[in-house]
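The block underneath contains the structure these notes are about, expressed in structure tokens.
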Amino acid sequence: MPESHLTLRTAAGERTTAAETDTPSTGLRPAGIRSAGRIGHLLRAVRDRAARRGVRVGLYPLRDLPFDYPPKVVLFADLAILVVGVVACLQRHEYFPTVLPLIALVLLFVSVPGYVFFGIVPRPLALCAATMVAAALFFVQPVDADFAPFVLMVAIAEIAAIAPKTVSAPMALLAAAELVVFAVLGEALWSDESLRVGVPMYALGILLGWLVGVMLQYQRLFLYQERENQNARAAQAATTERNRIAREVHDVIAHSLTVTLLHVTAARHALTSDRDVDEAVDALADAERLGRQAMADIRRTVGLLDSGPAAAGAEPGAEDIPALVDDFANAGLAVRRRLTGDLCAVSPAVGLALYRICQESLANSAKHAPGSAVDLAVEVGRRSVVVHVRNPVPGGPDSPAGGPGRQLGNGAGVAGMRHRAEGLGGRIVVGPDSDGWRVRAEFPLDAQAEGGDDDAAGAPAGGGCVLSNLLGGPRPVAESSPVYGPAPRPAS
């Protein structure tokens, strides 16, 4: 025999001859090697042909299916198909060695390996056709208490879960019609009445399977809607938080820059006009102090943007309004203030809003009406707290300096104040009046704050609000101060 006929190809692709092997060329091992070589060659040919047609052979995870169901749901549905198909096959053991039940089982379960190994996405029409053919192969071999109709129920449920109702409903009707047809044929050809007797029950099972699939599809649609709603709420919350931080930064920067510039202007006047170096140094020291305070406030506010824990720091409240007025007065702004009631009876949220409104109003007065006296009044009552800031406008309220574009009319400041007032259930009026420009805001006090007036009036001097302790307890009567400019400098 020529040597070429004795040449074998192993699984590793190496050429060997019969002389190099321990078994003769007609033994079982060379035949097995030949079979393995042919199978490998066949698999490579299938893979190459599939690649030429755009089908990539590989492992495709079930989570990549376009139906957006968890992989476990897909696996359990296919497991149900497999279990029902295996039971239907075992019921037909009397018909063996026929292969019809095995072919039906392959048709039922071909979609899973078809996707996992070749990426072929199962389509509703293909699933319906394969299931109905498999059911027909089962029905031509009738048995008692047949499990084969349950194949149609599970398959219709799968189709209803991935296809529109206009597609799945006709397929459910086709499945029910197939039951009726084979029930009639079974009784006519094989004198078998088991399927005909169970047709009503099986048809009801197909309807229930279709309803389960539709319910799963509705659940998926509701999941999509909930995701959209969550994304919308997250975007709205992020926008609200950005707006809040923007308002805080605007209030801090507007106040700090305004007061700092007033101190720098006073220092420049002291150096150029009076040649008073000590007064200029004091003004610059105040400007530096306010600048450092503003930097700390900005760091705390911008720290809210960080995902980590923000720096701890107390927000200003109503009890800090006198110190705020002192800062503007020391910077040269003439302020008449009137504080009525106990500022410590105001809640922290309302106190922060009052502080920011006073801060923004005084900053705008110093910027747009320099040299004018500002009236600031804060009245804390039993049911509400009112802040009223008013200043004359140079040239009258209708002049360019007092127009909405110049003072609080349409800027970011008035938008922030209105948002603060509306967010706490208050009311605010901003705009020109007969004598100048005014800002009036009113906030309701809760039950705790309303009762806080009486409680605070009887509180001991050593407890409660720090401001009340420094002023000798609550001030139920109005406290007013005349127009004043910079605070007197301590004697050197």
task: Take residue 396 and decide whether it is surrounded by fewer than 18 Cβ atoms within 10 Å (Cβ to Cβ), of a type in the set (Gly, Ala, Ser) and modelled with pLDDT of 80 or more.
output: no
message: Taking the conditions exactly as written (outside any loop (DSSP other than H, G, I, E, B), in contact (Cβ under 8 Å) with a residue 40 or more places away in the chain and more than 26 Å from residue 214 (Cα to Cα)), does residue 87 satisfy them or not?
response: yes
query: Quick one: would you say residue 309 is of a type outside the set (Gly, Ala, Ser), at pLDDT below 75 and part of a loop (DSSP other than H, G, I, E, B)?
result: yes
query: Any residue in the stretch 361-372 that is modelled with pLDDT of 85 or more and either over 22 Å from residue 257 (Cα atoms) or not hydroxyl-bearing (Ser, Thr, Tyr) (or both)?
result: yes
- line: The condition of being out of contact with any Phe, Trp or Tyr (no Cβ under 9 Å at 6 or more places or on another chain) and surrounded by 21 or more Cβ atoms within 10 Å (Cβ to Cβ) holds, among 154, 167, only for 154
message: So residue 304 ticks every box in (1) of a type in the set (A, V, I, L, M, F, W, C); (2) modelled with pLDDT of 65 or more; (3) assigned to a helix (DSSP H, G or I) but one. Which box is left unticked?
response: (2)
task: Kindly check whether there is at least one residue in the stretch 197-211 that is within 20 Å of residue 127 (Cβ to Cβ), aromatic (Phe, Trp, Tyr) and either at pLDDT below 95 or in the same structural domain as residue 124 (by TED's automatic domain parsing) (or both).
output: yes
- prompt: Is the stretch 222-242 home to any residue that is under 30 Å from residue 98 (Cβ atoms), surrounded by fewer than 21 Cβ atoms within 10 Å (Cβ to Cβ) and not hydrophobic (A, V, I, L, M, F, W, C)?
  reply: no
message: Take residue 249 and tell me if it is modelled with pLDDT under 80, surrounded by fewer than 16 Cβ atoms within 10 Å (Cβ to Cβ) and part of a helix (DSSP H, G or I).
response: yes
- request: For residues that are among the charged types (D, E, K, R) and in contact with a Pro (Cβ under 9 Å, 6 or more places away or on another chain), tally how many sit in the stretch 122-163.
  value: 1
message: Just to be sure before I move on: is residue 150 modelled with pLDDT under 90, out of contact with any Ser or Thr (no Cβ under 8 Å at 6 or more places or on another chain) and of a type in the set (Phe, Trp, Tyr) in the structure I sent?
response: no
statement: Checking 390, 383, 336 in turn, the sole residue that is at pLDDT 85 or above, over 23 Å from residue 420 (Cβ atoms) and among the charged types (D, E, K, R) turns out to be 336
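The values are calculated or read from the model by the stated rules, or taken from the named source; none is laboratory data. Every value quoted in this text rests on a predicted model; they were computed, and no experiment measured them. For neighbour counting, all protein chains shown are included, and Cβ atoms are generated from backbone atoms with ideal geometry for every residue, glycine included.
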